[in-house]
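Everything below concerns the one structure shown next.
The values are calculated or read from the model by the stated rules, or taken from the named source; none is laboratory data. Model, not experiment: these values are computed from the prediction. Heads up, the Cβs are rebuilt from the backbone with ideal geometry, glycines too, and the neighbour counts pull from every protein chain shown.
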Amino acid sequence: MGLLTRESGFLLIETNQEQEVVGYVRYTLIPYPDADMPYPEIGFGIPQSNARGKGYAKEAVKLLVAYLFAGYPVERIIAFTEQENVPAQRVLEKNGFVQEGNLRRSIFRDG
């Protein structure tokens, strides 16, 4: 279940057995000045701690990446994580993403 448009999408992640919602994946097309086509930027989350580490995010990201490469003329897909979010970085690495750098002072906390 979810919402898909040409510019963005938000999909729920459900368990196979119970069809319980455990998380989400999303994408947004981000225009870049020197690019012919906007890059899809993806994100994901598994809010319930008891559902983490079971491969839900890995599989959902895999399917979303396949959908984006099949449905859009893109050469790359981008994702951002907080530097401390090692589990999210692992999900991305397992799906072929490569870290290219760190954005410093890009998130403001507590204000």
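Which is under 25 Å from residue 14 (Cβ atoms), free of Cβ contacts under 8 Å to residues at least 12 places away in the same chain, surrounded by 10 or more Cβ atoms within 10 Å (Cβ to Cβ) and not aliphatic (A, V, I, L, M), of 96, 55?
Values: 96 fails: free of Cβ contacts under 8 Å to residues at least 12 places away in the same chain.
Residue meeting the stated conditions: 55.
Does residue 41 count as out of contact with any helix residue (DSSP H, G or I) (no Cβ under 7 Å at 6 or more places or on another chain), in contact (Cβ under 8 Å) with a residue 12 or more places away in the chain and acidic (Asp, Glu)?
Details: out of contact with any helix residue (DSSP H, G or I) (no Cβ under 7 Å at 6 or more places or on another chain): yes; in contact (Cβ under 8 Å) with a residue 12 or more places away in the chain: yes; acidic (Asp, Glu): yes.
Against the criterion (out of contact with any helix residue (DSSP H, G or I) (no Cβ under 7 Å at 6 or more places or on another chain), in contact (Cβ under 8 Å) with a residue 12 or more places away in the chain and acidic (Asp, Glu)), residue 41 qualifies.
Within region 1-79, which strands (runs of 3 or more DSSP E) (wholly inside it) include 1 or more residues that are among the aromatic types (Phe, Trp, Tyr)? Spell out the reasoning first.
Working: elements: 2-4, 8-14, 21-30, 39-45.
In region 1-79, 8-14, 21-30, 39-45 are the strands (runs of 3 or more DSSP E) which contain 1 or more residues that are among the aromatic types (Phe, Trp, Tyr).
Output yes when any residue across region 25-46 is modelled with pLDDT of 95 or more, farther than 24 Å from residue 6 by Cβ and either of a type in the set (Lys, Arg) or surrounded by fewer than 14 Cβ atoms within 10 Å (Cβ to Cβ) (or both), and no when none is.
Looking through region 25-46, none of the residues is modelled with pLDDT of 95 or more, farther than 24 Å from residue 6 by Cβ and either of a type in the set (Lys, Arg) or surrounded by fewer than 14 Cβ atoms within 10 Å (Cβ to Cβ) (or both).
Would you please list the contacts, defined by Cβ atoms under 6 Å and residues six or more apart or on different chains, that run from a residue in region 61-85 that is closer than 20 Å to residue 6 by Cβ to a residue that is at pLDDT below 95 and in a helix (DSSP H, G or I)?
Once the first residue is closer than 20 Å to residue 6 by Cβ and sits in region 61-85, no partner that is at pLDDT below 95 and in a helix (DSSP H, G or I) comes close enough.
Looking at region 5-14, which of its residues are surrounded by 13 or more Cβ atoms within 10 Å (Cβ to Cβ) and farther than 21 Å from residue 97 by Cα? Full working, then the answer.
In the first step, residues of region 5-14 are kept if they are surrounded by 13 or more Cβ atoms within 10 Å (Cβ to Cβ); the result is 8-14.
Selection gives 12, 14.
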